[in-house]
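Below is one structure; the comments refer to it alone.
The values are calculated or read from the model by the stated rules, or taken from the named source; none is laboratory data. Quick caveat: nothing in here was measured; it's all calculated off a predicted structure. Counting neighbours? That spans all protein chains shown, and the Cβs are built from the backbone with ideal geometry, glycine included.
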Amino acid sequence: MTKEKLTKWDSAELLKTEADISNYLEACFEDGDPQLITHALGVIAKARGMTQLAKDTGISREGLYKALTDNGNPEFSTVLKVFKALGLRLSLRPIT
């Protein structure tokens, strides 16, 4: 029996366009799990570059890493700063 070689999955590599990022984040919001949303923001930050995101938000890289981990619990103001720096706008619509 031969062993299969597996590679680590990195979803950040698939987030190439603004539409990719928007669709990914929207799907995470539809799921409704706050930890998934936080994780998704971390993946998007990685895809865009954490250093640039830190500059654009005024939050340290370390602070962003801590807030956007799977177990992170970012303040809403941090989430809004990240959205703005990523060129995203949070919009709402009724649940149907």
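Quickly run through the range 70-95 and pick out the residues that are surrounded by 15 or more Cβ atoms within 10 Å (Cβ to Cβ) and modelled with pLDDT under 90.
Matches in the range 70-95: GLY72, LEU86, LEU88.
Select from the range 26-64 the residues that are touching a residue at least 12 places away in the same chain (Cβ under 8 Å) and of a type in the set (A, V, I, L, M) and list them in ascending order.
ILE37, ALA40, LEU41, VAL43, ILE44, ALA45, ALA47, MET50, LEU53, ILE59, LEU64
Collect the residues in the range 1-22 that are part of a loop (DSSP other than H, G, I, E, B), under 13 Å from the mean Cα position of the chain (by Cα) and among the acidic types (Asp, Glu), keeping them in residue-number order.
ASP10
With the checklist (1) buried (at least 17 other Cβ atoms within 10 Å of the Cβ); (2) of a type outside the set (Ser, Thr, Tyr); (3) in contact with a Cys (Cβ under 7 Å, 6 or more places away or on another chain) in hand, flag the one item ALA54 doesn't pass.
ALA54 satisfies all of (1) buried (at least 17 other Cβ atoms within 10 Å of the Cβ); (2) of a type outside the set (Ser, Thr, Tyr); (3) in contact with a Cys (Cβ under 7 Å, 6 or more places away or on another chain) except (3).
Sort out which residues of the range 1-16 are of a type outside the set (D, E, K, R) and within 16 Å of ALA40 (Cβ to Cβ), and write them in order of number. First the steps, then the outcome.
Quick first cut of the range 1-16, residues of a type outside the set (D, E, K, R) only: 1-2, 6-7, 9, 11-12, 14-15.
Within the range 1-16, TRP9, SER11, ALA12, LEU14, LEU15 meet the criteria.
Looking only at the range 23-45, filter to residues that are of a type in the set (Gly, Ala, Ser) and more than 9 Å from the chain's Cα centre (by Cα); which one of those is farthest from THR78 (Cα to Cα)? Write out each step before concluding.
Residues of the range 23-45 of a type in the set (Gly, Ala, Ser): 27, 32, 40, 42, 45.
Going one step further and asking which of them are more than 9 Å from the chain's Cα centre (by Cα), we end up with 27, 32.
On the way: ALA27: 20, GLY32: 19 Å.
Once the filter is applied, the top-ranked residue is ALA27.
Restricting to the range 78-96, count the residues that are under 15 Å from LEU25 (Cα atoms) and either of a type outside the set (A, V, I, L, M, F, W, C) or in contact (Cβ under 8 Å) with a residue 12 or more places away in the chain (or both). Let's see the steps before the verdict.
Applying the first criterion (under 15 Å from LEU25 (Cα atoms)) to the range 78-96 yields 79-80, 82-92.
Filter once more, so that each one left must be either of a type outside the set (A, V, I, L, M, F, W, C) or in contact (Cβ under 8 Å) with a residue 12 or more places away in the chain (or both): 79, 82, 84-89, 91.
Number satisfying all stated conditions: 9.
Do any residues in the range 12-25 that are exposed (fewer than 15 other Cβ atoms within 10 Å of the Cβ) have Cβ atoms under 9 Å from those of residues that are of a type in the set (Asp, Glu), where the two are at least six apart or on different chains, and which pairs are they?
Close Cβ pairs satisfying both conditions: LEU14/ASP20.
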